[in-house]
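Q: Structure provided below as structure tokens; questions to follow.
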Amino acid sequence: MERLRPSDPSEIGGHRLAARLGAGGMGVVYLARSQHAAWCAVKVIRAEHADDPGFRARFRREVDLASRLTGRWTVPVLAADAESRSPWLATAYVPGPSLAEAVLLHGPWPEEQLRALGAALAEALDEVHTAGLVHRDVKPANVLLAADGPRLIDFGIARSVGATALTADGVVVGSPGYLSPEQARGLPVGPPSDVFSLGCVLAHAATGRAVFGTGGAASVLYRTVHEEPDLDGVPAGLRQLVRRCLAKDPAARPTVPELRAALGVFGAAGWLPAGLPPLVAARASRVLDLPVPEPTAVDTAPAPPGPAASPTRRRLLTAASVLGVTSAGVGAWWWSRPGASAGQGAGQGAGRRPRRVIGLLGDKDDAVLTAHERGARIAVEQHNRDDRRTFDLALRTADDGGTAEGSGRAAARLVADPEVAVLLGAGTNATVLPAVAACEQARVPLLVTRADTDRLDSANLTTALVLRSTRTAGPPAIVRHLNRVVRPARTVVVHDLSDAAETLQTVRYVTVYDKLDGETVVEEIAADEDFTGVARRIAARPRDAVLFAGARATRAAACARALRDAGHRGTCVAGEYVIGPPLLAAAEGWLVGTAYTDAVADPATEAFAAVHRDRHGTAPAPWAAEAYDAVRFAAYGLKAAGAEGRSALRAELLRRPWQGITRRVSFNAGGQFYDPAEDGGAFLYRVTGGELRFVARADDIGKAT
């Protein structure tokens, strides 16, 4: 608990705030008094998340789900406002520590108290499941301890049994170490998943340890799916019941009614282990000494109709409308050259057809944007030379300065122009998401060509369409090479924790999802650790394949040198983010998977390469052919949309697959996510003589020649 900060309001929805209970990426939780003087916890969502209509819909769902629960072991909803500028939810306040904190401070629980804890939580889950819900995040931090018994909290990711997922298949929802194997695999879950999580919670309370160990999330998820739990220290009278809860097969787990019968009826007397009653009492007494702040202004007025916008973004969009197409510094425009290169076909009836502007967003100092611009310009010019066209295309490029803030500003300026029908996002994982938000606000489609962060999985449900596999769908080219060509008995996944958040999805894809045919093991390397030790362990089995899961060329190069010095002879593969001079100098023979082709070496893009040489005087760089395809894909959709233009464009692009020179663009009907199943735009390269040499398209890997 923390004192309020000067920037905090003193009142929200009639609740007088007294302290901060916690804060995270989604918002802040306050301790407050209701109008009836009852203590409550008020969860307030940050305005930037409330700007997303999808997030606001999920918050409404959380309120609806939590309001269904009225049992004694869940926390009732007292009030909520999903339409406020910053949506909020007030629940009863439980003045006690979490189970996680209690175990950390006072150690494992005896069997008698474990039975009482399990009985109450099983009863809570019985209510949850009877209401047609699955909690999906039962963990020690979500169990609060009060004098009269525990409370199961945080239904923010609960979902109705059988409801359609709001996230992509393969996206883990829950907390590693306490989620079920089916959750770890990104599969649909039901009540047995909560039973598994309850088993993890009871084992943690009994031993003081996480049942599937510690370390990086990828390793914990892998052990959850493939290894047996560590139940050493669980009391003998409960061990078999906990082991059944932790069965890999959901059908083999006990039902919640069976758990309730085995654990008995909760008894409040003596349910807390020695040492915890004083802690619970001390937490309850702390609220009595909290000062109540002087009133300050707070905006809890209803949001206007339509997608909500934060004041910052509203000011930004207004400024963009006033400024039009002139600016200084980051986000400045540079215009296409006149004539054919500006997108107006000379002698092609310029002015007699409507014009559709394609905006291109990226960092002008990044070679990737230059490649995009050159490839896109060829597509625009080819379109405008077609006498059968019903509209002209123009290309307009904006500089995002290579920053997230610049990306949001530049995208807002582009979409403020009603002539702009679609944006192409050439930015990185670090810059693309603000552009997604700006396009969502203006309802302008955004085609993402380069970025692959798994955070785009949810963005794909707005106005954005991602034209490549995200990290949730894994590195298809290197996986296919290992499975179809190398066929190793074992692959060692070297997970560089320098970039753990960025690379976790790759590790999960090849381990938890079992995408590699042979055995897989994970070696985690801390950011300050060298690769000597792991290289020696790998070299003891010199024919093992190695998949480097990292995002830095220097770290990949260090791994390559360590493996070479240790005498390893097996295949080594990595993803595109490690490409750079350090890797090329150190990793001879390594294979790298990318989402861009070599337009000169790839037979399917040779004609484009010839046109590029003629138009720009040089061979196409990486991403030029992908940008060419993106413009042609947009033009195809705009033709189908007709007079409706950008308002109908996304629906037309989703309607049916489209074949380009680099990939087949297709989106699945259920989640609208990019489908890499056929000709999905994945490519394989080999480091040879200090250079990256094209090997094959992913679909051609392993085919007879």
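The values are calculated or read from the model by the stated rules, or taken from the named source; none is laboratory data. Everything numeric in this text was worked out from a predicted model, so none of it was measured. Using ideal geometry, Cβ is built from the backbone for each residue, glycine included, and neighbour counts are taken over all protein chains shown.
Q: Please determine, by comparing only the residues of the range 211-224 that are touching a Ser or Thr at 6+ places or on another chain (Cβ under 8 Å) and assigned to a helix (DSSP H, G or I), which one is modelled with the lowest pLDDT. Outline the logic, then answer.
A: We begin by selecting, within the range 211-224, every residue touching a Ser or Thr at 6+ places or on another chain (Cβ under 8 Å); these are 212-213, 218, 220-222, 224.
Of the ones still in play, those that are also assigned to a helix (DSSP H, G or I) are 218, 220-222, 224.
Numbers: Ala218: 73, Val220: 83, Leu221: 83, Tyr222: 83, Thr224: 90.
Applying the filter and picking the extreme gives Ala218.
Q: Sort through Ala540, Ala501, Ala473, Ala489 and tell me the only one that's under 21 Å from the mean Cα position of the chain (by Cα) and surrounded by fewer than 21 Cβ atoms within 10 Å (Cβ to Cβ).
A: Criteria check complete, one pass: Ala501.
Q: Related question: Yes or no: the range 665-687 includes at least one residue that is in a helix (DSSP H, G or I) and crowded, with 22+ Cβ neighbours inside 10 Å.
A: No, the range 665-687 contains no residue that is in a helix (DSSP H, G or I) and crowded, with 22+ Cβ neighbours inside 10 Å.
Q: Given (1) at pLDDT below 90; (2) over 22 Å from the mean Cα position of the chain (by Cα); (3) within 12 Å of Val138 (Cα to Cα), where does Ser175 come up short, assuming only one miss?
A: If we test Ser175 against (1) at pLDDT below 90; (2) over 22 Å from the mean Cα position of the chain (by Cα); (3) within 12 Å of Val138 (Cα to Cα), just (2) comes out false.
Q: Got a sec? Which helices (runs of 4 or more DSSP H) wholly within the range 462-547 have at least 3 residues that are farther than 28 Å from Gln183 by Cα?
A: Ranges flagged: 532-539.
Q: Taking the options Glu588, Glu606, name whichever one is in contact with a strand residue (DSSP E or B) (Cβ under 9 Å, 6 or more places away or on another chain) and over 21 Å from Leu447 (Cα atoms).
A: Glu588
Q: Looking at this structure, is Pro582 assigned by TED's automatic domain parsing to the domain that holds Gly689 and surrounded by fewer than 24 Cβ atoms within 10 Å (Cβ to Cβ)?
A: yes
Q: Could you please find all residues in the range 359-385 being small (Gly, Ala, Ser) and under 26 Å from the mean Cα position of the chain (by Cα)?
A: Answer for the range 359-385, where residues must be small (Gly, Ala, Ser) and under 26 Å from the mean Cα position of the chain (by Cα): Gly359, Gly362.
Q: Could you list all residues from the range 657-683 that are modelled with pLDDT under 85 and not small (Gly, Ala, Ser)?
A: Phe667, Asn668, Gln672, Phe673, Tyr674, Asp675, Pro676, Glu678, Asp679
Q: If you don't mind, there's one more thing I want to ask. Go through (1) assigned by TED's automatic domain parsing to the domain that holds Ala696; (2) not in a helix (DSSP H, G or I) one by one and return the number of the condition Ala599 breaks.
A: Ala599 satisfies every listed condition except (1).
Q: Consider Gly199 carefully, then state whether it is assigned by TED's automatic domain parsing to the domain that holds Ala116 and either surrounded by fewer than 22 Cβ atoms within 10 Å (Cβ to Cβ) or basic (Lys, Arg) (or both).
A: In short, no.
Q: From Ala412, Ala404, which residue is buried (at least 24 other Cβ atoms within 10 Å of the Cβ), aliphatic (A, V, I, L, M) and in contact with a helix residue (DSSP H, G or I) (Cβ under 8 Å, 6 or more places away or on another chain)? Please lay out each step first, then the result.
A: Values: Ala404 fails: buried (at least 24 other Cβ atoms within 10 Å of the Cβ).
It is Ala412.
Q: In the list Ala90, Ala100, which residue meets the criterion of being touching a helix residue (DSSP H, G or I) at 6+ places or on another chain (Cβ under 7 Å) and modelled with pLDDT of 80 or more?
A: Only one candidate qualifies: Ala100.
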